[in-house]
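Every number here is computed from the coordinates shown, using simple stated rules; none is lab data. From a predicted model like this one, the values you see are computed outputs, not experimental measurements. Please note: Cβ atoms are built from the backbone with ideal geometry, for glycine as well, and neighbour counts cover all protein chains shown.
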C-alpha cells in the first residue's frame, strides 16, 4: 500500500486520527494495548512519516545537533552514545559532529547544523566560539563548566579532580616531585585541573615549578613526548598527573621503554577512566568522570528546554570526580 496516511491507520484500527497521531509522536494519553495495536498496524501497512511535512506543521525537525572535539576519544564516544540513547527514546534523531579540536572546523559544523534547523544543541565549545553559541536563538546545553548564566551546562568538578590527584600522589603514595602534562593550554578543563592540583600541592608544601608543566594534544603521542622532554631535560619528576587517559598511556609507554619502574619509582594518574584504563595489561590509576551520566543529563536538560519547560541557564550541574587507584601508583 503506497502513501499510507494516519487516516488509513486510524480506519484500520477503529480509533481516532488524534489517537494515532499521539501514538506515532510518542505522546502520552494512549492506552498501552491501543498503542501496541496502532504501531503493529502502522508497520504492517508500511507507514512512513512525512518528516518534511511534519516539520513545516510543527516548526520542529526532531533533530538534535551534537558537537564534540574528538569522537575517537572514548570519553567523548561514551557521551555521544549516552546522548543518542536518551534522544532516540524521546523520538529525536541526532547529527554528530567531531571538530578535531579545531575552531574553524567547529564553526563550519555549527553553521551546517543551523542550516539543518536542528531543534537544539549539545556541545563542547572551543573557547573562541562561546559567544557565537550564546547568540543562537535555540535551546542548547554545554558540556563544560562555563560559569556563564547564558548557558545550561553539565560538567565534572575539575578543580576537585586536580586536588584529589595531588593528594593521592603525595599523601597517599609518597612521591615527591610532581609534574602536570595535559592538552590545550586554553582549555578551561585543563586550567581548572591545574588550579586544583596546584592548590593541594601548595597546602602540602610541595612545589610545582613551571618546567614541570606541559601542554600539548590529548593523545598518546603527546603524553610520550612530554615525559620524554622532561626526562631529557634532567627533570627530577617522579609522578605525572595527566590531562586524560590517552596522555597517561603515552607517559606509561615512555617509562616502560626506558625501564623506569612503575609504580615503585614513578607514578602516573590519568583522567576520565575510559574503558581501557581497567584492562589487566594497563590498570591505570585515574580520576573517574561519569561519562554516560554527563551525556544523559545533558540530553534530558535539552529535551526539557525544547519542550519549553525550562529556561536557558536554569540547569547547571557540577558532578563530583572520583579517584580510582590501580597499579600505576603505589600507595603507602
- Cα atoms only, segment 86-227: Rg and Dmax in Å? 18.5, 55
- Item | Tilt relative to the chain, helix 245-257 - C-alpha long axis, 0 to 90 degrees, to 10 | 40 degrees
- To one decimal place, what Kirkwood hydrodynamic radius in Å is obtained for segment 97-145 from all pairs of distinct Cα atoms? 11.0 Å
- Task: Work out, in µm²/s and without decimals, the Stokes-Einstein translational diffusion coefficient of segment 172-237 at 4 °C, 1.567 mPa s, Rh from Kirkwood over C-alpha pairs.
- Result: 103 µm²/s
- For segment 265-332, the fraction of alpha-carbon pairs in successive 5 Å shells from zero, as %: 4, 15, 20, 15, 12, 10, 9, 7, 5, 3, 1, 0
- Message: At a 10 angstrom cut-off on C-beta neighbours, averaged per residue, how do the peptides 78-86, 158-166 rank from highest to lowest?
- Response: 158-166, 78-86
- Message: Using just the Cα positions, wrap segment 144-199 in a convex hull and report its mean projected area in square nanometres, one decimal place.
- Response: 4.3 nm²
- Task: Wrap a convex hull around the Cα atoms of segment 158-290, take a quarter of its surface area, and give that in square nanometres.
- Result: 7.2 nm²
- Query: If one takes the longest principal axis of the Cα atoms in the chain, at what angle in degrees, from 0 to 90 and to the nearest 10, does the Cα axis of helix 188-203 lie?
  - Reply: 40 degrees
- Pick from 118, 141, 269: which residue has the top mean-square fluctuation in a GNM of the chain where Cα pairs under 10 Å get a spring? 118
- For segment 195-271, just list the percent of Cα-Cα distances falling in each 5 Å bin from zero outward, please. 3, 16, 28, 26, 19, 7, 1
- Using only helices, what value at 222 nm comes out for the chain when you add -39,500 (n - 2.57) per DSSP H run of length 4 or more and divide by the total residues, to the nearest 500 deg cm²/dmol? -13000 deg cm²/dmol
- Message: Need one number: convex hull volume per residue for segment 6-49, Cα atoms only, in Å³.
- Response: 60 Å³
- Query: Packing-wise, with mean Cβ within 10 Å as the measure, how do 246-259, 122-135 rank, highest first?
  - Reply: 246-259, 122-135
